[in-house]
1. Which order do peptides 103-116, 43-56 fall in by mean Cβ count within 10 Å, highest first?
2. State the Cα centre-to-centre distance between region 209-240 and region 346-361 in whole Å.
3. Sorted by packing (mean other beta-carbon atoms within 10 Å per residue), highest first, where do 296-302, 276-282 land?
4. Please work out how much length the chain gains when fully extended from T353 to D289, using 0.36 nm per residue of separation minus the C-alpha to C-alpha distance, in nm with one decimal.
5. Between E398 and E60, how many nm apart are label points set 7 Å from Cα along the C-beta direction?
6. Quick check: pseudo-label points 7 Å beyond the Cα along Cα→Cβ at L194 and M374, how many nm apart are they?
7. Among DSSP beta bridges whose residues both lie in the chain, state the antiparallel percentage, nearest 5.
8. Heavy-atom accessible area per residue, the chain, 1.4 Å probe: how many Å²?
Amino acid sequence: MTLTRRTLLAAATALTLAPGFMSGAALAQDTIKIGEINHYKRLAAFAEPYKKGIELGLKEINDAGGVLGKPLEFIYRDDQGDPAEAVKIAEELMTRDGAVMLTGSILSHVGLALSSFAAEKGYLYLAAEPLADSLVWGSGNPNTFRLRASTWIQAAMLAEEAAKTDAIRYATIAPNYAYGQDAVAAFKENLKRLKPEVEFVAEQWPALFKIDAGAEVQAIERAKPDAIYNVTFGTDLAKFVREGGDRGLFDGRPVYGLLSGEPEYLEPLGDEAPEGWFVTGYPWYGFEDGTPEKAFVDAYIAETGETPKIGSLVGYLDVISIAAAIEKAGATDTASLIAAFEGLEIPDTPIGTLSYREIDNQSNMGAYVGTIAMQDGKGVMVDWTYKSPDGYMPSDEEIKAMRPAE
């Protein structure tokens, strides 16, 4: 008889959920440990709020009695944004430090390395932040789940807005690695589907965090596009915005910015924030009293003394996802946790009910979209709305065709 991987997982899950059963690792430890790998020094502007979001979630969970009667503990390790270092750390966390699963990463190429490692070694990896579509589609595997809305979802939301304009000629600029490549491909495919007559007259691919903004702006200007799609972030975004603003690149041109409205990247721009860009982001300052979104913002400010970033929300949702999966599994072995994450539903989160799709292990977390405006000398998102992934995903048949056979 030939047993599929999923059949084996189901069998293992049935065993671990039997009355009185608990994994040896869970019995031996005083806490349930989660291995958290991230770029805490290289991307501190995102990673530190993310960590504070985790700490807020941990405090709430452990103050309420923990998980399976034990405190939940995160072991934080810095991989310096290096995939090889991340994999080395992951092995240490699982074999030496007693972690029951892995989570973390911001950069997509690091997340892809951790995903491949988890599948090879039989571990579970919850990719908190990596956005590349390939993480759950082209390179997807049963051991990897993803929290944040993918590049496809967010790019499709921007393309929907772009299709409403008269713009035909588009230029794109994106960092030259998995996230940027997937983000441009997703925007092009979605926009061409909505408006077949569009054409892409320039594609700029600066190396991550090594942008020559003056040269990139000149190249885009020479192509004379009607509109621009921007995927740069962090220091690359700041340099691009400054050079583009000084040279008039954005004058009279719609610009669509993936992540450009996130506080991590918008706030440092100060009075140089690019007014009028249509972006994805996190308008924490615009939530109404009495909503779950505002309750999270208030709790985060009370706990940290700081205003939240999108990373804060991601970190919080990451830890409550893990806690809910462990509670559902009733054990901490990989097979039980994988089975628990498939179809997992978590009600009453800051974004409503959070769930993980069985078809591709992707969560239903959506994205906030809106327009950048200046208020009190700084950029904010206005006319924003929260959009769920429903209606923006490829069909189930297309997703099944993209994912490798399991």
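1. Working: 103-116: 25.4, 43-56: 22.1.
Going by the mean number of other Cβ atoms within 10 Å, highest first, we get 103-116, 43-56.
2. 35 Å
3. Numbers: 296-302: 17.1, 276-282: 23.6.
For the peptides 296-302, 276-282, the packing ranking is 276-282, 296-302.
4. Values: separation 64, 0.36 × 64 = 23.04 nm, distance 1.90 nm.
Difference between extended and current length: 21.1 nm.
5. Placing both labels 7 Å beyond Cα along the Cβ direction yields 3.4 nm.
6. Label at L194, label at M374, 2.8 nm between them.
7. Details: 17 of 50 bridges.
Counting DSSP beta bridges with both partners in the chain, the antiparallel share is about 35 percent.
8. On the way: 15800 Å² over 406 residues.
Using a 1.4 Å probe on heavy atoms only, each residue of the chain averages 39 Å².
The values are calculated or read from the model by the stated rules, or taken from the named source; none is laboratory data. Since the model is a prediction, treat every value here as computed from it, not as a measurement. Don't worry about glycine lacking a Cβ; one is built from the backbone with ideal geometry, like all the others, and counts go over all protein chains shown. Keep in mind that these areas ignore ligands, DNA and RNA; they rest on the heavy atoms of the full protein, side chains included. Shrake-Rupley method; radii C 1.70, N 1.55, O 1.52, S 1.80 Å.
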